[in-house]
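Beneath this line is the structure, given in C-alpha cells, with notes to follow.
The values are calculated or read from the model by the stated rules, or taken from the named source; none is laboratory data. None of the values given here were measured: they were computed from a predicted structure. Cβ atoms come from the backbone with ideal geometry, glycine included; neighbour counts cover every protein chain shown. Ligands, DNA and RNA are excluded from the accessible area calculation, which covers all protein heavy atoms including side chains. Shrake-Rupley method; radii C 1.70, N 1.55, O 1.52, S 1.80 Å.
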Amino acid sequence: MNIRTGALVAGAVTASLVLSACGGGPSSDDTSKGAGQKGAAGFNAALTGVVNPSDKKGGTLKVTNHDSPDSYDPVRTYYANVWNFMKGFFVRTLLTNQAKPGEDGLVLTPDLATELPKIEDGGKKYTFTLRDGLKFEDGTPITSKDVKYGVERVFAQDVLSGGPTYLVDVLDQGQKYPGPYKDTDPDKLGLKSVQTPDDKTIVFTLKEPLSDFPYLLAMPGAAPVPKAKDNGEQYGNRPVSSGPYKFESYDQGKKAVLVRNDQWDPKTDSVRKALPDRIEVTFGIAVEEIDNQLIAGDIDLDLAQTGVQQGSQPKILLNPEVKKNADAPTTGFIRYFAINTKVPPFDNIHCRKAVQYATDKISMQTARGGADAGGDIATNMLPPNIAGHDAALDPFNTKSGKPQVDKAKEELAACGKPNGFDTVIATRNAGKEPKTAEALQAALKNVGINARLDPTDASLYFRSTIGSPSNTHAKGYGLMMAGWGADFPTASGFLAVLVDGRLILPSGNNNYPELNNPEVNSLIDQAKAEPDAKKAAQIWSQINKIVMDEAVLVPFTYDKALNYRNPRLTNVYISQYYGQVDFGSLGVS
C-alpha cells in the first residue's frame, strides 16, 4: 500500500495462521487489554500495550492531515491512513483485523460475517454467512447482494481507478466482467464467480486455491455498497456508512465531520469501540503547523502517521515530558524511488545501476529524521518483518548508505553517458519527501546526473501523477519517489503489485518502473499457489533478488515514524496491521 499517508505493516504471518487463529473476535473490552504494559504513558508505550485504557464515551476527537484523502470511496483509496480511518469509523467488511496491539492485531476476525468462511473444493470455494441486525446508515438492511455489489465496483476501473485490483485478478476468471455500470444483468450483479443464494449467504469461487484470499476481503474495496446510493465516481464525496459513524459534512480539501450512526448496532460489532461522539478532520494544514498544534495539545493526532518533521523531532526527543507521549514504530513501509525503464536513458540497465551506486542513502535517511526517527538503511525490497526478507541481499553494496562515486561513473561509461545526463525526479510537495528528493538530487549531481525536481499535489500523486504511465512518459519522469507497505501481511501482499508485469495499469498503476520480467511473473504465480508458507517465502526471496538485479527500484530506508499523541487520548496503541495508531479504538478524556 502506498505511503499515501498509502498500506499496512506486515508481520511474517501466513494465511494458515490467520485462519487457525481467527475466532469470533475480541470482546468490546479486549482493546484495552493488549499485551505488554497497560495504561502507563511513556515513549513507545503504544507499541506493545494500550495507553490510557478507558471505555468512556463522549467528546470530540480532533485530528488533522496536510493531505486530503485520495478518496473516501472504499474502492478508490490506497492510502494507509484512509484504510485505517475507514475501518475504524464507517466501513465494515466480511473480515477485518483484530483491534489489539502486538501480533494479535495481525490476525483476521469476522466482522460482517458470523464466523470464518467455510472453505471447500480444495480451497477454491469460500462461503460466508452475514450477521443479523446489520444496517446501512439509512436503516436499510445490509445483505449479501450489497457485499457482492461492492466487490463488483472494483471491476469498474474505467470509472473507479486508484485502489487495489486483487479481486479483479482473482475473481474475473476470463469473464471480462466490466463492472456494474456496464453490466447487462438486470440486477447489475452479473459477476459469476460470486453468488448470493440468499440475503445472508455469499459464496466466492476461485479458479485456483489462494491462501491469501481472506486478506482481500478485509480490504475496504470488499465493503458493502447500496446500489441505490451509488453515484459512481462521486460516491466518495458522501459514502454510505456501515460502521458506527456517518458523515455529517465533507468539504473536500478543508474539513470532514463524522457523527454517530444510530443505525449501527454495537451488538453486531466486536471490533469497534465507537467512543467519541464526534470526529473532526481538518485538511490542508502545513506540516510544521500540525507539529506545533500537536505538541501544544490543540489537536489529538496527525492522521498521516508518517512522523513529525525534522525540526520538531528535538522538541520531542529531548524533552522527557513531551517524549513520553510519543512513539516511533518501525512501520513496515519501505521508502524507495523507482527508476522508469520507459524513459531514456533508463532503458539501459547500466544507467539504472549508476543511480543505484550514486545514491546517498545516509543523506536521504537524515532528511527523514535519521536512524532514530527516520528508519534504518534499506538494501532490498522486502522489509525485515515480512517472511522472505534476506538481510544479506545487497547487490549494490549499499548497507553503509554511502554513495559509491567511482562505481557510478563506471556504470555511466558502460551506458554510453560518461558525462552524465539530465532527468526528472517526481515527488510529492508535502512532508519530508521534498527534502528527501533534494538529497537524492544532490547525490546524483556529484556524478554528472542533473535531476530536476517536479513536486506535485499529494492527493493525486499515486493515482495519476506517477500512477499513469502515459503521464510519466510525457513528463520524462526518470525517477519517482514512493513509499510502500504491505496490502496484507505476506510477501505477496507487499511485493507482487510493485513488480508483476501483468499489473501495469493506465491509471492507478503501482509498477512504476513498468518492469515486465517473464521470470518474475512466473515465480509470482508459483509463490501465490504454494500452500507451504516457508516455501512460498523462499520463492518471494528469489523474486526479490531478481528485481534488485534489474536495478529498477532503489530502497533507501526501512521506515520509522516519530508520532506524537495528545495525552488526553484514551485506548492508544499501534496497530501492527497498519503501522499506525488504531483510529477506531481511540477515545478522548
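The condition of being part of a helix (DSSP H, G or I) and hydrophobic (A, V, I, L, M, F, W, C) holds for only one of ALA354, ALA392, that being ALA354.
Yes or no, residue by residue, for (1) open to solvent by 50 Å² or more (accessible area, probe 1.4 Å); (2) of a type in the set (Lys, Arg); (3) over 16 Å from PRO226 (Cα atoms):
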{"residue": "THR143", "(1), (2), (3)": "no, no, no"}
{"residue": "GLY162", "(1), (2), (3)": "no, no, yes"}
{"residue": "VAL168", "(1), (2), (3)": "no, no, yes"}
{"residue": "ASP172", "(1), (2), (3)": "no, no, yes"}
{"residue": "LYS188", "(1), (2), (3)": "yes, yes, no"}
{"residue": "VAL194", "(1), (2), (3)": "no, no, yes"}
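Checked against (1) surrounded by 17 or more Cβ atoms within 10 Å (Cβ to Cβ); (2) under 24 Å from TYR558 (Cβ atoms), THR472 passes all but a single condition, namely (2).
Residue-by-condition table, conditions (1) part of a helix (DSSP H, G or I); (2) surrounded by fewer than 16 Cβ atoms within 10 Å (Cβ to Cβ); (3) of a type in the set (Phe, Trp, Tyr):
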| site | (1), (2), (3) |
| --- | --- |
| GLU411 | yes, no, no |
| ASP422 | no, yes, no |
| THR427 | no, no, no |
| ALA439 | yes, no, no |
| LEU453 | no, no, no |
| TYR461 | yes, no, yes |
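Please identify the pairs in which a residue from the stretch 64-75 that is more than 19 Å from ASN563 (Cα to Cα) and among the β-branched types (Val, Ile, Thr) has its Cβ atom under 9 Å from the Cβ atom of a residue that is open to solvent by less than 10 Å² (accessible area, probe 1.4 Å) and assigned to a loop (DSSP other than H, G, I, E, B), counting only partners at least 6 apart or on another chain. Short answer, once both residue conditions are applied: VAL75/VAL154; VAL75/ALA156; VAL75/LEU160; VAL75/GLY162; VAL75/GLY163; VAL75/ALA223; VAL75/VAL225. Look at the stretch 46-59: where a residue is farther than 18 Å from ARG278 by Cβ and in a loop (DSSP other than H, G, I, E, B) and a partner is open to solvent by 60 Å² or more (accessible area, probe 1.4 Å) and of a type outside the set (A, V, I, L, M), sitting 6+ places away or on another chain with Cβ atoms under 6 Å, you get GLY49/GLN37; GLY49/LYS38; VAL50/LYS38. Among the residues that make up the stretch 305-324, is at least one of them of a type in the set (A, V, I, L, M, F, W, C), in a strand (DSSP E or B), open to solvent by less than 20 Å² (accessible area, probe 1.4 Å) and out of contact with any Asp or Glu (no Cβ under 8 Å at 6 or more places or on another chain)? No: zero hits.
Taking the stretch 138-158 only, how many residues are in a helix (DSSP H, G or I) and in contact with a Gly (Cβ under 9 Å, 6 or more places away or on another chain)? Summing the residues that are in a helix (DSSP H, G or I) and in contact with a Gly (Cβ under 9 Å, 6 or more places away or on another chain) in the stretch 138-158 gives 4.
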